[in-house]
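Worksheet for the structure shown next.
The values are calculated or read from the model by the stated rules, or taken from the named source; none is laboratory data. Fair warning: this is a prediction, and the values are worked out from it, not measured in the lab. Quick reminder, even Gly has a Cβ in these numbers, built from the backbone with ideal geometry, and neighbours come from all protein chains shown.
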Amino acid sequence: MTQRGTLDIVNLKKTFNVNGNTTPVLENINLKVKPGEFVSIIGPSGCGKTTLLRLVIGLENSYEGQILLDGKRINGPGLDRGVVFQDHRLLPWLTVERNVGLGLEGKRNGKGVNKEIVQAHLKLVGLQGFEKVYPAQLSGGMAQRAAIARALVNQPELLLLDEPLGALDALTRMYMQLELEKIWQREAQVTMIMITHDVEEAVYLSDKVVIMSSRPGTIKKIIPVELPRPRDRASYDFMKLKEEILEEFHLHAEKVFSYAI
Amino acid sequence: MDVKKEVLKLRGLAVPLALLAVWWIITKNGWLSAVFLPPPETVVATFVKLVLKGKIFADLNESITKVAIGFLAGITAGFVLGTAMGLSTTIEKLFGPLFNAVRQVPILGWIPVLILIFGLTELTKIIFIALGAFYPMTLNTFDGCRQLKKEYLEVARVFEFNRPRLLWRFILPSAFPSILAGIRVSMSEAWMLVIGAEIFFKSRGGIGDLMWEAKTRVQMDIVFITILIIGLIGFILNYAMKILENRLLRWRSSN
């Protein structure tokens, strides 16, 4: 019996057809994500990390191997998975409240119940008071909060985040990382998988960092992050882990011998 | 500061007022015969007379009623065809080429056909007007329905939206700006065509008829008045639609 929110990727292979040629995009991907875990996937552009996420979302179909959510093969999108895209993708013609409630519209909960759920999620992301505002009036960070609320409203088992903070400025991004951690802690049963470019973000938020390499996309290394939370970005262990990941991309600083005389 | 802004808003009146002055100077000096260019004060006096007689209101009512019916029929048909072609490639493939071919025939080109089939009836005029409203509405609705970005379609898929909800929540709202523009253009078109309809399909009553009769009797002042009224009403309709559009599309602006 697998527990709710378990993701199992077994021998996944994905190819794209470009002008009659088959190009492998993902090969030999094996990943196990435990319920409630926060996993980051990091890798250079074109390593197939977005394709991997889209496969888990169900927006890309036809793959070899297995992608199992709670032991069941993923076949197309479903409400058991919430999605936050890099561009918030809030519908510009709906107010924040309506956008967040989008996933509840099909459910026969009754208006009062749905409204309460929406309110609770607006509170979770700190957007109370912005119910009647249109997305065009929100800042980038606020729009992304609304998008997170929208993705959580159906109580998904899995929250899939595709570079959710990538489009934000550096300060807003750090602030949103704190917020995202809080949300993850409060929604304890939700498993989160995030694509990111940002090594520090990955170390700050994740239980596990998956490093990918490209052409074809494979998992190079999985690094567990066992630092206690809340994490201190300036601590020695944090820096060391960051360095270790950067080393995988050959981006670490050259170590220069220094002499103290 | 605010006063300056208010004054600047009235810039649009400068050229018409200048033209009015030129008109007045020409007639005052008798440079043109009053038969061709009646002086402004004569036009105003005739207008007052027409208003007092009251028939002009009946004429206006006649024209506006015809426009309203033809316009509503035209935009309804245009909305249905535009949406159908926008949503279904099969329907687009079936009707698109025919629509685009027929569209090339100027509306005036349909006059003989309409007269021969329907005669000089009210129905003929309404069909004529409806046809004019139909084309821009169809095109705008069709374009609008095709405007939904792939990214939003993915959001709909993630939330497992079915076709009706996809249409209601995603496709129609994203097409709405385009549809409203279609309504505005169709309205202008319908209003212009009612004058044509009343002239070509011999009408009794209507602002176009009033104009044509005045031409027959060489009453240039009445011709002027009808032109001014037609222009003014067209302007007001267009302006009102613009205001309505801004109201309904508040979500597009960021302030």
- Regarding B:S203, is this residue within 14 Å of another protein chain (Cβ to nearest Cβ) and more than 30 Å from A:R81 (Cα to Cα)? no
- Message: Would you confirm, using the coordinates I've provided, whether A:K49 is more than 14 Å from chain B (Cβ to nearest Cβ), basic (K, R) and surrounded by 15 or more Cβ atoms within 10 Å (Cβ to Cβ)?
- Response: yes
- Message: Looking at B:R169, B:R165 in this structure, which one is buried (at least 20 other Cβ atoms within 10 Å of the Cβ) and within 28 Å of A:V56 (Cβ to Cβ)?
- Response: B:R169
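Answer with yes or no whether B:T65 is in contact (Cβ under 8 Å) with a residue 60 or more places away in the chain and assigned to a helix (DSSP H, G or I).
Criteria not met by B:T65.
I'd like to check something: does the stretch B:213-228 contain any residue that is among the acidic types (D, E), in contact (Cβ under 8 Å) with a residue 40 or more places away in the chain and more than 23 Å from B:T124 (Cα to Cα)?
Checked the stretch B:213-228: at least one residue is among the acidic types (D, E), in contact (Cβ under 8 Å) with a residue 40 or more places away in the chain and more than 23 Å from B:T124 (Cα to Cα).
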- Task: Would you point out the residue of the stretch B:79-96, among those that are of a type in the set (S, T, N, Q) and assigned to a helix (DSSP H, G or I), that is nearest to B:D143 (Cα to Cα)?
- Result: B:T83
- Task: Give the residue that is modelled with the highest pLDDT, with candidates limited to residues of the stretch B:143-161 that are more than 7 Å from chain A (Cβ to nearest Cβ) and part of a loop (DSSP other than H, G, I, E, B).
- Result: B:R146
- Can you name the condition, by its number, that A:N28 falls short on among (1) within 14 Å of another protein chain (Cβ to nearest Cβ); (2) over 13 Å from A:G5 (Cα atoms); (3) outside any helix (DSSP H, G or I); (4) not β-branched (V, I, T)? (1)
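Listed here are the residues, each with its yes/no results for (1) more than 17 Å from A:L90 (Cβ to Cβ); (2) more than 13 Å from every other protein chain (Cβ to nearest Cβ); (3) among the acidic types (D, E).
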site: A:V133; (1), (2), (3): no, no, no
site: A:G141; (1), (2), (3): no, yes, no
site: A:G166; (1), (2), (3): no, yes, no
site: A:A170; (1), (2), (3): yes, yes, no
- Message: Please verify whether B:P106 is without any contact (Cβ under 8 Å) to a residue 40 or more places away in the chain and surrounded by fewer than 16 Cβ atoms within 10 Å (Cβ to Cβ), treating the condition exactly as stated.
- Response: yes
- Task: Tally the residues that are within 14 Å of chain A (Cβ to nearest Cβ) and among the acidic types (D, E), restricting the search to the stretch B:207-255.
- Result: 1
- Task: Give B:P177, B:P173, B:P164 a once-over and let me know the one that is touching a residue at least 40 places away in the same chain (Cβ under 8 Å) and either within 14 Å of chain A (Cβ to nearest Cβ) or out of contact with any Gly (no Cβ under 9 Å at 6 or more places or on another chain) (or both).
- Result: B:P177
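State which residue is surrounded by the fewest Cβ atoms within 10 Å (Cβ to Cβ) when the search covers only the stretch A:116-137 and only residues that are touching a helix residue (DSSP H, G or I) at 6+ places or on another chain (Cβ under 8 Å) and in a helix (DSSP H, G or I). Full working, then the answer.
Applying the first criterion (touching a helix residue (DSSP H, G or I) at 6+ places or on another chain (Cβ under 8 Å)) to the stretch A:116-137 yields A:117-118, A:121-122, A:124-128, A:130-136.
Okay, now just the ones that are also in a helix (DSSP H, G or I), so A:117-118, A:121-122, A:124, A:135-136.
On the way: A:I117: 20, A:V118: 23, A:H121: 24, A:L122: 22, A:L124: 19, A:P135: 21, A:A136: 15.
Here the answer is A:A136.
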- Restricting attention to the stretch A:57-75, and to residues there that are small (G, A, S), surrounded by 11 or more Cβ atoms within 10 Å (Cβ to Cβ) and part of a loop (DSSP other than H, G, I, E, B), which single residue is farthest from the other protein chains (Cβ to nearest Cβ)? A:G71
- Item | Leading residue by the ranking (nearest to the other protein chains (Cβ to nearest Cβ)) among those in the stretch A:92-103 that are surrounded by fewer than 21 Cβ atoms within 10 Å (Cβ to Cβ) and of a type outside the set (D, E) | A:P92
